[in-house]
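Following: one structure in C-alpha cells, then a few remarks.
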Amino acid sequence: MLVRFSKMHGLGNDFMVIDAVAQRVRLNTDTVKRLADRHTGVGFDQLLLVEPPTRPDMDFRYRIYNADGSEVEHCGNGARCFARFVRERRLSVKNEIRVETAKGSALLTLLPDRQVEVNMGEPVLQPVEIPFAAEQEAAIYRLEIEGQCYEVSAVSMGNPHCVLLVNDVAQAPVKQLGRLIERHARFPQRVNVGFMQVMSRSQIQLRVFERGAGETQACGTGACAAVVAGRLRGLLDEQVDVHLTGGKLQISWEGKGSPVLMTGPATTVYEGQVYL
Ligand SMILES: N[C@@H](CCC[C@H](N)C(=O)O)C(=O)O
C-alpha cells in the first residue's frame, strides 16, 4: 500500500504525519518502528495519524505513536503540526480546530507566522490519575533511584511527566537518569522525564527524555508540565518562556483549575510517499 505523508517538526521534535481521512491506512507496532528508523525508514520521534472524528463536536481525531511503536495520549508539538497539516492538505479551512485525542480533546488556533496556540486543558495532579504511586498529591515527591534520592514533581498533561530541577541543564545526566526514571516502578505506564533549570521567574531551560523516543529536541507537553511543576513549587510566574534544545515555546498557566496554553511554531519539511 503506497501512502502519502508529510515530514514536519515543532522545534526539532519531528513527525511523520499521515492523512487517514482521504487514504486507507493500517498501522501496527512493527510498521511504526520500521518507519521510525532514521537509517532505513522515514525517521521521526512520533508518527501522527489524522482521522475523522468519532464525536459530532470535534473536527478530527488524531492518534500519536512514539518511535518505539507505543500509542500515547497527547503530544504538544504534534498538536501544532497536526493543525498546520490539516490546513495545508485542505482538510479544513478553519482557524480554530477541535481535535479528539486518546484521553480527551484540544483546541488549536492557527496564528500568523506559522505559530499555533494549543489549549492543552488542565494538568492532572492526582497521583492515581497520572499514574504515579504516591499516598497523596504533593508539589515535590522523593524518588529513590539506585540508592539515591531525587526530588521530583509528577504531572499529567494527558500523558505522564516527571520533572526534576537541575543547576545546569547542559550538564544534566538526561540520558542516563532519564532512562532509569522512564521505567521506574512508581510510574506504571512509564514516564517522560524533564530536566528544568530555572533562569528567572519567566524563563526556564528544559531538556526532556521522552518515553518511547529518548531525548528529543523539544517536548510540548514536557514544557507545559515543567511550568506547572515550577508554579506549584512557587518558582515561576504565569507566563513563561521555555527554552528547549530546538527553540522556544511560550507557556501560560493561571494555576489550578485553569488550562495550560502553549504557543509555538509548526514547520513542514517535505511531502513524500512510502510503501507500508
Ligand atoms: N513530543 C511530545 C510528546 C510525545 C509523547 C511522549 N513521548 C509520551 O510517550 O507521552 C510533545 O511535544 O508533547
*What single numbered condition from (1) open to solvent by less than 20 Å² (accessible area, probe 1.4 Å); (2) among the acidic types (D, E); (3) within 17 Å of A83 (Cα to Cα) fails to hold for E182?*
(3)
*Candidates L164, L177 - the one that is in a helix (DSSP H, G or I) and assigned by the TED database to the domain that holds E254*: L177
_Filtered residues of the range 193-208 (kept if within 11 Å of the ligand (Cβ to nearest atom) and either farther than 21 Å from A134 by Cβ or open to solvent by 10 Å² or more (accessible area, probe 1.4 Å) (or both))_ = V208
*Taking E96 as the residue in question, decide whether it is of a type outside the set (S, T, Y), surrounded by fewer than 20 Cβ atoms within 10 Å (Cβ to Cβ), in the same structural domain as V228 (by the TED database) and away from the ligand (no atom under 16 Å from the Cβ).*
no
*Of all residues in the range 218-230, which are in contact with a strand residue (DSSP E or B) (Cβ under 6 Å, 6 or more places away or on another chain) and in contact (Cβ under 8 Å) with a residue 60 or more places away in the chain?*
A218, C219, G220, G222, A223, C224, A225, A226, V228, A229
_Out of the residues in the range 9-55 meeting the condition of being of a type in the set (G, A, S) and touching a helix residue (DSSP H, G or I) at 6+ places or on another chain (Cβ under 8 Å), tell me which one is surrounded by the most Cβ atoms within 10 Å (Cβ to Cβ)._
G10
*Out of curiosity, is D59 open to solvent by 30 Å² or more (accessible area, probe 1.4 Å), in contact (Cβ under 8 Å) with a residue 24 or more places away in the chain and in contact with a helix residue (DSSP H, G or I) (Cβ under 7 Å, 6 or more places away or on another chain)?*
no
*Could you tell me which residue of the range 49-88 is farthest from the ligand (Cβ to nearest atom), considering only residues that are aliphatic (A, V, I, L, M) and in contact with a Lys or Arg (Cβ under 6 Å, 6 or more places away or on another chain)?*
M58
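Yes/no per residue for (1) of a type in the set (D, E); (2) out of contact with any Asp or Glu (no Cβ under 8 Å at 6 or more places or on another chain):
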site	(1), (2)
R26	no, yes
T31	no, yes
L35	no, yes
V42	no, yes
L47	no, yes
T54	no, no
D57	yes, yes
*Can you give me the ranges of the strands (runs of 3 or more DSSP E) entirely in the range 102-152 with at least 3 residues that are surrounded by 16 or more Cβ atoms within 10 Å (Cβ to Cβ)?*
104-110, 115-119
*Just a yes or no: is a residue in the range 40-47 part of a helix (DSSP H, G or I) and within 24 Å of P131 (Cβ to Cβ)?*
no
*Among the residues of the range 212-253, which ones are of a type in the set (D, E) and over 13 Å from the mean Cα position of the chain (by Cα)?*
D237, E238, D241
*How many residues does the range 212-248 hold that are within 16 Å of the ligand (Cβ to nearest atom), in a helix (DSSP H, G or I) and open to solvent by 10 Å² or more (accessible area, probe 1.4 Å)?*
0
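The values are calculated or read from the model by the stated rules, or taken from the named source; none is laboratory data. All figures in this text were calculated on a predicted structure; none of them were measured in a lab. Don't worry about glycine lacking a Cβ; one is built from the backbone with ideal geometry, like all the others, and counts go over all protein chains shown. These accessible areas exclude ligands, DNA and RNA; they are computed on the full protein's heavy atoms, side chains included. Shrake-Rupley method; radii C 1.70, N 1.55, O 1.52, S 1.80 Å.
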